[in-house]
Each structure stands twice: as C-alpha cells, then as structure tokens.
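Okay, structure first, notes after.
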C-alpha cells in the first residue's frame, strides 16, 4: 500500500489514482474506529489551522467537514460569503489571501464557479480541499459514497452502480463516475433525456432512460435530487410527473427479483425521487453515508496535512 497521496490538494477525483483512493479508504477505516469510541478525538491536526470557505450555502457538507476537523483537534475558521466583503466586490484571490495572512494551513472551499479551487491552487501555498465547485466535482461526496458501497458489499470492483436523477446539474454524479470507474465498477446513468448531459456516454457509462430497467441492471442505485435551484428553465413538466416516471417507491423495489442498495447524497425530496418507505428501509444506507462522510473527510484532511509536514 502506498504511504502518502500523490496530490497536494483534493481538487477532484479525476486527479486521484486508484492507490490514492485506497489509501484514503484505509485511513478512513481507522478513523471510523475513532469516531465510534467514547472519546472521539485524536490530536492529529493539533497544530493545523483549517479555514472553511463557503461561497455557496451548505449545511451537510459544512457540518461534516467541521466535525471532522474538530475530531482531529484542528483550529477552525469559518467563512461565509453571505456576510462578507465578497458582496462589496472583493475578488476570490484577495479574500483567500486575507484568510491566509491569519496563518491558515488548509482551505476547505465550496464555490459556485467550476474550477475555482483549481484556480486558487495555482496561486496559494495552503492545501485545498474542494467541497464542491459549481456543477463540476464534489470529490469527498464521491469518496464517501464509494466507501459506503465497499462497506456494504465488501468491495467496489465488478459492482454495477446506477446513478439516477438530475445528472446534468450534479457535481456528485461526475465525481462518482470517476471514483467508481477507477475502482473497477460499472456505471450507468438514468434520468429524463433533458437531465442527461449530451456527451455523457463518452465517459464510458451506460445510458438508460427507463428507471425500472436501470434498477433491474444495478446492484446499487445512487439517487440524486432534482436541483431546482440550479435550473433556469423547465426540464420536465412537473415534480409530480417526474416522480411518476423516475421516483423509486417500495412497490417498485418489491417487484424486482433481487435486493439492491439505495443511496442518496441528501437532502432528500421525499415523495419525489424517493418515497419515505424506501428512504427509511433496510435497502437504504443513507445514514451510513452521513457517518462515513466524517471518517472520509478526517482521512483526507489528515493525509493532506501529513504531506505538508514532509
């Protein structure tokens, strides 16, 4: 097993090797043991200052990173653009340089513009973790999703994973495709044709428009929500119609001749992409994903900080 990451920043899954992903997973296994003991803290990042710089609203990802940082004993600065100088016209680079002047070692960043973390990585010395850039990538979500599949099914290689829903506006979908393929899984995308990117098949994924056929094919269904906040035009007639054709309910799952694993990165639109009886069923590993998210983010922060010390 390799001993350190091959990258200085976590900007996207595209930049990672299969060995990097395995190293993150094996480190996360150890941190899962930590967060399940009575004393959930380790001093691994005691001398490290992490800035959570979120230019876009986030609840789950921000909380997960913050908890991971606290479990590692890091010092934390939280920055939100909604009440900052960004609104007064300050540039991204100026904002981040001001934060860095406070002697920050690592930046966890979410930004609405694809490529924003990549731009920053060329101009600053601190390690950067991409917590989501526009509709481009969301690497830690893909890592925790793939880690959760490995935990539930005992491995990822050879498994069939269907990503179902709003692929067009999803950064989770792209990162998941890269992570799953690097570890040897087969990937299918499924959704209304208006919500599938035009050239998605060039990524080596299967494309399916019928949700039943996708479920009959897969071992795991990773169901994405409809991202209405990113849609400037109507891509389908109504949420009711979307739910009718692409929603997954208990009746549909029970009609399959096999058991499949249901995943969702959250937040769930209950009654749209998943019914409550599916989201809360034994098929679903949605709460496992949340728990694994803290362990994966601890692993990423720890491994990047270790690089800086070498």
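Inspect all residues belonging to the range 58-66 and state whether any of them is surrounded by 22 or more Cβ atoms within 10 Å (Cβ to Cβ) and in contact with a strand residue (DSSP E or B) (Cβ under 8 Å, 6 or more places away or on another chain).
Kept after step one, since they are surrounded by 22 or more Cβ atoms within 10 Å (Cβ to Cβ), are these residues of the range 58-66: 61, 64-65.
This time we only want the ones that are in contact with a strand residue (DSSP E or B) (Cβ under 8 Å, 6 or more places away or on another chain), so: 61, 65.
The answer is yes, given that some residue of the range 58-66 is surrounded by 22 or more Cβ atoms within 10 Å (Cβ to Cβ) and in contact with a strand residue (DSSP E or B) (Cβ under 8 Å, 6 or more places away or on another chain).
If you go through the range 74-104, how many residues are assigned to a loop (DSSP other than H, G, I, E, B), under 24 Å from the mean Cα position of the chain (by Cα) and at pLDDT below 85?
0
Looking at the range 5-40 only, could you name the residues that are part of a loop (DSSP other than H, G, I, E, B) and at pLDDT 95 or above?
5, 6, 7, 8, 9, 11, 12, 16, 17
Rundown of residues vs (1) over 30 Å from residue 70 (Cα atoms); (2) assigned by TED's automatic domain parsing to the domain that holds residue 225; (3) surrounded by fewer than 17 Cβ atoms within 10 Å (Cβ to Cβ), yes/no style:
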| residue | (1), (2), (3) |
| --- | --- |
| 268 | no, yes, no |
| 276 | yes, yes, yes |
| 299 | no, no, no |
| 302 | no, no, no |
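Given the conditions (1) under 21 Å from residue 11 (Cβ atoms); (2) at pLDDT 95 or above, report the number of the one that residue 170 does not fulfil.
(2)
So, in the range 41-56, of the ones that are closer than 12 Å to residue 133 by Cα and assigned to a loop (DSSP other than H, G, I, E, B), which residue ends up nearest to the chain's Cα centre (by Cα)?
Looking at the filtered set, the residue picked out is 56.
I need every pair where a residue in the range 99-113 that is assigned by TED's automatic domain parsing to the domain that holds residue 297 and in contact (Cβ under 8 Å) with a residue 60 or more places away in the chain has its Cβ under 7 Å from the Cβ of a residue that is in a loop (DSSP other than H, G, I, E, B) and surrounded by 13 or more Cβ atoms within 10 Å (Cβ to Cβ), sequence separation at least 6 or different chains.
That search, which allows pairs on different chains as well, returns 105/48; 105/126; 106/48; 106/126.
The values are calculated or read from the model by the stated rules, or taken from the named source; none is laboratory data. The shown structure was predicted, so the numbers you read here are calculated from the model rather than taken from an experiment. No Cβ is skipped: glycine too gets one built from the backbone with ideal geometry, and neighbour counts run over all protein chains shown.
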